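The values are calculated or read from the model by the stated rules, or taken from the named source; none is laboratory data. Here the structure is a predicted model, which means the values were calculated and not measured. For neighbour counting, all protein chains shown are included, and Cβ atoms are generated from backbone atoms with ideal geometry for every residue, glycine included.
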């Protein structure tokens, strides 16, 4: 049997004392070394790192996340590098399998299942799922680029990799809490990110990812007009560079149009997006919602049925939990109501709740229908 590979955890941190312990605890039995780059903590961050046996390197912050991460990569001695953020946590049951999964592997890069939580509380029904490149072989040229929302230089190291399907997704989950309100408010992420992104935007020949990340930031604070402006600029930028716009750009574009109630503006563009990414269930869900808003209930029902057929296990796209299950059933209920088919609507809402018992919109819709049914069966007082 081949020797177990050595894994280096690489992280950058600053004032992470409130969440760091949970992160390091989740991987302490997996990794062989922890390489932590501290960019100026004034709390107990460094002390917590050292309590786990981490090697902490001080680094002068240069307004560039990629450079800070690359500094850490240079210090790593493992065969493999796992990179994480302090506001993340690996599923401990999954972590026990990871080293065995890597034994004897010939690939150089792996995706890991990233689960992003949003809002005030951890709610599995509101989480977004995506496969993310978090584990790569050390010493073959992988580096981060972009000063913010840093990304691995996969195309440079693996130039023959033309399809995501060539990258294996390991059955390992990482939970990301950084988009929850508690974190975004406390760390003033929005102001910092906008400042760095606008600085990048001024550079000639900048990546169209910059416009996308700007759109994402504005989306989080529900500035829909700016979101729509920048996501469109990003799509144009990719096309002008003869690159296919990634699927999550279309997800953001059409979710924004739905948020502002612009069904007409979203049609027929959503059809073209689906032609490009026919396996992306979220786009089909948005198509059904747009059809529902246009009162095209019968076609919308067929679209939601297709969502149920697709399911939501394809995490190569950023996928909202429920897009291929309870959200589709909920919208089927709304369509049946629009058609005056009350019994079918009740059954659809019940199906949604069977999959997600705390889905408030389905609960409210079912209660409303129940109340209406009771009133209609009450004898008139004379």
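Residue check: is residue 27 over 24 Å from the mean Cα position of the chain (by Cα) and at pLDDT 95 or above? Break it down into steps so the answer makes sense when it comes.
Values: over 24 Å from the mean Cα position of the chain (by Cα): no; at pLDDT 95 or above: yes.
No; evaluated as a whole, the condition is false for this residue.
I'd like the full set of residues that are part of a strand (DSSP E or B) and closer than 17 Å to residue 316 by Cβ, limited to the range 127-147.
Within the range 127-147, 128, 129, 130, 131, 132, 133, 134, 135 qualify.
Scan the range 292-306 and report the pairs whose first residue is over 16 Å from residue 330 (Cβ atoms) and whose second residue is at pLDDT below 95, with Cβ atoms within less than 6 Å and a gap of 6+ or a chain change.
Qualifying pairs under 6 Å: 294/263.
Look at residue 250 and say whether it is crowded, with 18+ Cβ neighbours inside 10 Å and closer than 25 Å to residue 331 by Cα.
Yes, satisfied.
Does residue 348 satisfy the condition of being touching a helix residue (DSSP H, G or I) at 6+ places or on another chain (Cβ under 9 Å), under 30 Å from residue 133 (Cα atoms), part of a helix (DSSP H, G or I) and modelled with pLDDT of 95 or more?
Numbers: touching a helix residue (DSSP H, G or I) at 6+ places or on another chain (Cβ under 9 Å): yes; under 30 Å from residue 133 (Cα atoms): no; part of a helix (DSSP H, G or I): yes; modelled with pLDDT of 95 or more: yes.
Judged against the criteria, residue 348 is not a match.
Any residue at all in the range 233-243 that is surrounded by 23 or more Cβ atoms within 10 Å (Cβ to Cβ), in a helix (DSSP H, G or I) and modelled with pLDDT of 95 or more?
The answer is yes, given that some residue of the range 233-243 is surrounded by 23 or more Cβ atoms within 10 Å (Cβ to Cβ), in a helix (DSSP H, G or I) and modelled with pLDDT of 95 or more.
Among (1) in contact with a helix residue (DSSP H, G or I) (Cβ under 7 Å, 6 or more places away or on another chain); (2) at pLDDT 95 or above; (3) crowded, with 18+ Cβ neighbours inside 10 Å; (4) not assigned by TED's automatic domain parsing to the domain that holds residue 340, which single condition is residue 217 missing?
Condition (2) is where residue 217 drops out.
So if I check each of 322, 357, which one is assigned to a loop (DSSP other than H, G, I, E, B) and within 19 Å of the chain's Cα centre (by Cα)?
322
Does residue 120 count as outside the structural domain of residue 325 (by TED's automatic domain parsing), in contact with a helix residue (DSSP H, G or I) (Cβ under 6 Å, 6 or more places away or on another chain) and over 25 Å from residue 6 (Cα atoms)? I'd like the intermediate steps shown before the answer.
Values: outside the structural domain of residue 325 (by TED's automatic domain parsing): yes; in contact with a helix residue (DSSP H, G or I) (Cβ under 6 Å, 6 or more places away or on another chain): yes; over 25 Å from residue 6 (Cα atoms): yes.
Considered against the rule, which asks whether it is outside the structural domain of residue 325 (by TED's automatic domain parsing), in contact with a helix residue (DSSP H, G or I) (Cβ under 6 Å, 6 or more places away or on another chain) and over 25 Å from residue 6 (Cα atoms), residue 120 comes out as yes.
Which one of these does residue 307 not meet: (1) under 17 Å from the mean Cα position of the chain (by Cα); (2) surrounded by 17 or more Cβ atoms within 10 Å (Cβ to Cβ)?
Checking residue 307 against (1) under 17 Å from the mean Cα position of the chain (by Cα); (2) surrounded by 17 or more Cβ atoms within 10 Å (Cβ to Cβ), the one that fails is (1).
Show me the helices (runs of 4 or more DSSP H) entirely contained within the range 148-212 in which 1 or more residues are under 21 Å from the mean Cα position of the chain (by Cα) and modelled with pLDDT of 85 or more.
154-157, 189-201
The rows are residues; the columns are (1) assigned by TED's automatic domain parsing to the domain that holds residue 104; (2) in contact with a strand residue (DSSP E or B) (Cβ under 6 Å, 6 or more places away or on another chain); (3) surrounded by fewer than 17 Cβ atoms within 10 Å (Cβ to Cβ); (4) over 22 Å from residue 18 (Cα atoms).
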| site | (1), (2), (3), (4) |
| --- | --- |
| 41 | yes, no, no, no |
| 44 | yes, no, yes, no |
| 56 | yes, yes, no, no |
| 61 | yes, no, yes, no |
| 69 | yes, yes, no, no |
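Of these, 348, 266, which one is within 30 Å of residue 371 (Cα to Cα) and crowded, with 21+ Cβ neighbours inside 10 Å?
Testing whether each residue is within 30 Å of residue 371 (Cα to Cα) and crowded, with 21+ Cβ neighbours inside 10 Å leaves just 348.
Is there a residue being in contact (Cβ under 8 Å) with a residue 12 or more places away in the chain and farther than 28 Å from residue 200 by Cβ anywhere in the range 65-75?
Checking the range 65-75: not a single residue is in contact (Cβ under 8 Å) with a residue 12 or more places away in the chain and farther than 28 Å from residue 200 by Cβ.
Does residue 304 qualify as being more than 19 Å from residue 123 (Cα to Cα) and in contact with a helix residue (DSSP H, G or I) (Cβ under 6 Å, 6 or more places away or on another chain)?
yes
Going through the range 86-99 one residue at a time, which ones are surrounded by fewer than 16 Cβ atoms within 10 Å (Cβ to Cβ) and touching a residue at least 12 places away in the same chain (Cβ under 8 Å)?
92, 96, 97
Of all residues in the range 85-101, count the ones that are in contact with a strand residue (DSSP E or B) (Cβ under 6 Å, 6 or more places away or on another chain) and within 19 Å of residue 5 (Cβ to Cβ). Spell out the reasoning first.
As a first pass, look at the range 85-101 and keep what is in contact with a strand residue (DSSP E or B) (Cβ under 6 Å, 6 or more places away or on another chain): 86, 88-91, 94, 98, 101.
Now drop any that are not within 19 Å of residue 5 (Cβ to Cβ), which leaves 90, 94, 98, 101.
The qualifying residues number 4.
Residue by residue through the range 275-285, note down the ones that are part of a helix (DSSP H, G or I) and surrounded by fewer than 20 Cβ atoms within 10 Å (Cβ to Cβ). Talk me through it step by step, then tell me what you get.
Keep residues of the range 275-285 that are part of a helix (DSSP H, G or I), which gives 275-276, 281-285.
Of everything in the range 275-285, those that are part of a helix (DSSP H, G or I) and surrounded by fewer than 20 Cβ atoms within 10 Å (Cβ to Cβ) turn out to be 275, 276.
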